[in-house]
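No lab work stands behind these numbers, since they all come straight from the coordinates. Not measured: the values here are computed from a predicted model. Glycine also receives a Cβ, built like all others from the backbone with ideal geometry; neighbour counts cover every protein chain displayed.
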Amino acid sequence: MLPEDTIISPLPVVAGLATALLLCPLLLNPKAEETSLALGSWKPREAASGGFVGSSACSPCHARLAATHRAAGMASASRSAENCRVLAAHPSLTLRDGEYSYEIVRQEGRSLYKVTYRDDALSVPISYCIGHGGTAQTYLFNHGGAFYESRLSFYPALEKLDWTPGTARNEPESLESALGQKLTQDDAQKCFSCHATNAVGEGGKLNLDGLIPGVGCEACHGPAAEHVEAAKAGQAPRRGISSLKRLAGDQLSQQFCGSCHRSFEEVMAMPDRGGIGNVRFQPYRLAKSSCYYSDPKDRRISCIGCHDPHDSLAQEPAFYDAKCLACHASGVTASQEATVKSCRRSQKDCTTCHMPKTSVPGAHAQFTDHFIRIVRPALPHPQ
Ligand code: HEC
Ligand code: HEC
Ligand code: HEC
Ligand code: HEC
Ligand code: HEC
Ligand code: HEC
Ligand code: HEC
């Protein structure tokens with residue numbers, strides 16, 4: 001496994017491996033053409049054909065981006081249980097459900113997940129924490145050669161365990177099914193391909209050996225071994241890296257960010273368009289806004305118009321005012337030269353009225369509706 005950014009204790013053995021990889025002369029390929037990966041040749045969540053080096057390898061040259069990214073939610077979208085901040089901070093978690101009692105206990109830097117029913121008990125070591133814990137964290141463990149998703153998740157709003165969304169609440173058939181739901185190989189691959197880096201190997205199979213927990217730099221920019229070598233040798237440093245700077249707004253929001261956050265197309269194909277839970281599918285919600293479909297290519301209303309993918313999520317409404325006013329200030333013209341209207345109600349905190357926070361049942365959290373609109377409070381959640 002390549003290094004993830006360690007939180008609890010540095011892993012010297014793994015760090016040594018990274019250095020060895022960087023120094024490995026086999027990674028130097030003097031014959032490679034001086035080209036960057038063409039747009040479209042690298043896509044997140046697909047098998048990649050280059051070497052991965054891990055985000056810490058970018059720090060020497062991209063220090064500012066590396067530092068902000070390390071603290072951002074996406075960087076910790078998954079962690080090995082050993083490096084899981086939430087479990088380290090909560091060394092004993094419990095839940096009782098009728099005759100079943102659950103506990104997750106921390107022992108010597110590892111976490112054991114245990115269910116007890118009458119005189120029977122089953123306990124397994126947790127392999128991965130999924131989610132940085134902004135709204136929830138779910139656990140994956142290995143049992144009998146397959147990954148399972150924990151039936152319980154940790155909710156920071158409650159400071160305790162509760163049911164994982166979508167969990168059937170009927171009486172479990174066995175202790176295994178009381179612990180969690182067995183994932184097919186395909187589901188496990190999907191889970192890691194969105195929450196980790198280099199999770200997909202040849203033939204679209206889950207690649208645990210090369211997997212780097214978290215959405216690292218290379219989850220978005222592609223494998224960077226060739227780029228790092230070229231930059232170190234002082235050669236064309238834009239070689240061997242996917243720049244992303246030339247993607248049009250809608251490509252970026254739908255095909256790129258949408259490959260993990262779910263695109264308009266993907267949600268349209270879901271039964272009931274994902275129900276109220278689709279408030280979490282920002283590319284879909286955003287595309288329904290007249291701000292967006294007036295000119296989908298406009299980068300000011302793409303995901304990066306409001307979010308720096310290298311930085312933590314800004315939570316103050318005032319941060320977003322300038323993003324709206326880039327189009328809605330009086331006198332500003334949209335790209336097709338038409339003047340965009342401004343608000344008669346307020347000139348600040350735009351998102352508090354036009355991007356309402358929405359609760360999703362069972363999620364113990366509110367999510368931001370990216371369908372920007374004049375909200376009519378009497379109306380139900382517009383699908
Ligand atoms: C030895 C120094 C060095 C290392 C290590 C390095 N880079 Fe770079 N990188 C550069 C230089 C120099 C450039 C070109 C100047 C620029 O755009 O900042 C560059 C450019 C880039 C660009 C393209 C920017 C553009 O113009 O579109 C991306 C993306 C990038 N690097 C990502 C990474 C990632 C991801 C890593 C770690 C896996 C990494 N780099 C490691 C030196 C380095
Ligand atoms: C490889 C999959 C992947 C891609 C590509 C991706 N994301 Fe994410 N993103 C995630 C996952 C998974 C999370 C949830 C992380 C968590 O909360 O643990 C997330 C969370 C976020 C968050 C919330 C972070 C927080 O602290 O709560 C923002 C904002 C975000 N992504 C923006 C973007 C933008 C903008 C893009 C495109 C430039 C993008 N993402 C591309 C997987 C991805
Ligand atoms: C298609 C990509 C995709 C797949 C597959 C996926 N997720 Fe996510 N997940 C995301 C994104 C994007 C977010 C953040 C956006 C949001 O708020 O829902 C997220 C958020 C989460 C969160 C909340 C994180 C936090 O810090 O609040 C948890 C927990 C989670 N996912 C667990 C899982 C588990 C477990 C699996 C697989 C069994 C899985 N996800 C599969 C993309 C995905
Ligand atoms: C969630 C996806 C995502 C992640 C993770 C990510 N980037 Fe980027 N990065 C982007 C996008 C999108 C752009 C293009 C921004 C633009 O066009 O303004 C970009 C731009 C860049 C640039 C060019 C910036 C500039 O202003 O010239 C560099 C360099 C870069 N990224 C390096 C990194 C490094 C290093 C990391 C990890 C520490 C990283 N990126 C992580 C999506 C990502
Ligand atoms: C890329 C430019 C752009 C950005 C950025 C933008 N908008 Fe818009 N917005 C438009 C256009 C174009 C329309 C449709 C024409 C019009 O109403 O003037 C529109 C329409 C609207 C409407 C009316 C919707 C309706 O249902 O009638 C509201 C409300 C709105 N925007 C609020 C916002 C807010 C709040 C933000 C920031 C969170 C924002 N917009 C960001 C361009 C933009
Ligand atoms: C017009 C501005 C704007 C645009 C464009 C935008 N967002 Fe957001 N986003 C916000 C605001 C405001 C929040 C809420 C921040 C807070 O209060 O914590 C947010 C929150 C989020 C979150 C955290 C989960 C939540 O529901 O609060 C994720 C993930 C996210 N955005 C992803 C995306 C993605 C992916 C795109 C592109 C499809 C995107 N955003 C485009 C303004 C924007
Ligand atoms: C207190 C809630 C509130 C805030 C804050 C707010 N708006 Fe509005 N906005 C409304 C309401 C309600 C309407 C519809 C009734 C109206 O036009 O007076 C509206 C209408 C609009 C329209 C449509 C105007 C038209 O003539 O059709 C736009 C565009 C808009 N707002 C953008 C913004 C922007 C940009 C901001 C931040 C600078 C903002 N709003 C802040 C409540 C708000």
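Per-residue 3J(HN,Hα) values for the stretch 375-382, derived from phi via the Karplus relation 6.51 cos²θ - 1.76 cosθ + 1.60 with θ = phi - 60°, read 7, 9, x, 6, 8, x, 3, x Hz in sequence order (x marks Gly and Pro). The Cβ shell under 10 Å around CYS306 holds other residues with a net charge of +1, Lys and Arg each +1, Asp and Glu each -1.
What does the charge add up to near SER174, with Lys and Arg as +1, Asp and Glu as -1, over the other residues with Cβ less than 13 Å from its Cβ? Walk me through the numbers on the way to the answer.
Numbers: positive: ARG151, LYS182; negative: ASP120, GLU171, GLU173, GLU176.
Neighbour charge sum, excluding SER174 itself: -2.
Counting pairs of Cα atoms in the chain, how many percent are more than 25 Å apart? Walk me through the intermediate numbers first.
Working: 44585 of 73153 pairs.
Of the Cα pairs, 61 percent sit more than 25 Å apart.
Exposed loop sites were defined as GluC sites (Glu not before Pro) in DSSP loop states (anything but H, G, I, E or B) carrying at most 13 other C-beta atoms within 10 Å; in the chain the longest segment without such a site runs 174-336. Here the Karplus curve 6.51 cos²θ - 1.76 cosθ + 1.60, taken at θ = phi - 60°, turns the phi angles of the stretch 283-288 into couplings of x, 5, 4, 4, 5, 7 Hz, with x standing for Gly and Pro. Only lysine pairs 8 or more places apart, or on different chains, with alpha-carbon atoms under 19 angstrom apart are counted in the stretch 249-368, and they number 9. Projecting the Cα atoms of VAL53, SER127, TYR102 onto the charge dipole of the chain, computed from C-beta unit charges around the Cα centre, puts VAL53 farthest toward the positive end.
Using a Debye calculation, one point per C-alpha and no hydration shell, please list log10 I(q)/I(0) for the stretch 238-289 at q = 0.17, 0.22 Å⁻¹ in order. Values, matching the q order: -0.52, -0.75.
Using the Cα centre of the stretch 80-183 as the reference point, and only Cβ charges (+1 on K/R, -1 on D/E), how large is the resulting charge dipole? Debye, rounded to the nearest 20.
Values: 10 positive and 13 negative charges, 57 e Å.
Dipole magnitude for the stretch 80-183 comes out near 280 debye.
Taking the Cα centre of the stretch 249-368 as reference, the dipole from Cβ charges on Lys and Arg (+1) and Asp and Glu (-1) amounts to some 340 debye.
Compute the Cα gyration tensor for the stretch 80-183, then decide on rounded, prolate or oblate, letting a ≥ b ≥ c be the square roots of its eigenvalues: rounded whenever a/c is under 1.5, prolate when a/b is larger than b/c in the other cases, and oblate in all that remain.
Values: a/c = 1.41, a/b = 1.29, b/c = 1.09.
Because its axes are fairly even, with a/c under 1.5, the stretch 80-183 counts as rounded.
Evaluated at q = 0.22, 0.24, 0.27 Å⁻¹, a Debye calculation over the C-alpha positions of the stretch 250-324 (equal weights, vacuum) places log10 I(q)/I(0) at -1.04, -1.18, -1.32.
State to the nearest 20 debye the size of the charge dipole of the chain about its Cα centre, where the only charges are +1 on K and R beta carbons and -1 on D and E beta carbons. Could you put the intermediate results ahead of the total?
Working: 39 positive and 38 negative charges, 267 e Å.
So the dipole magnitude of the chain works out to roughly 1280 debye.
The relative contact order of the stretch 80-183, computed from alpha carbon pairs under 8 Å that lie at least 6 residues apart in sequence, is 20 percent.
Between ASP186 and THR352, the modelled labels are 4.7 nm apart [label points 7 Å from Cα along Cα→Cβ].
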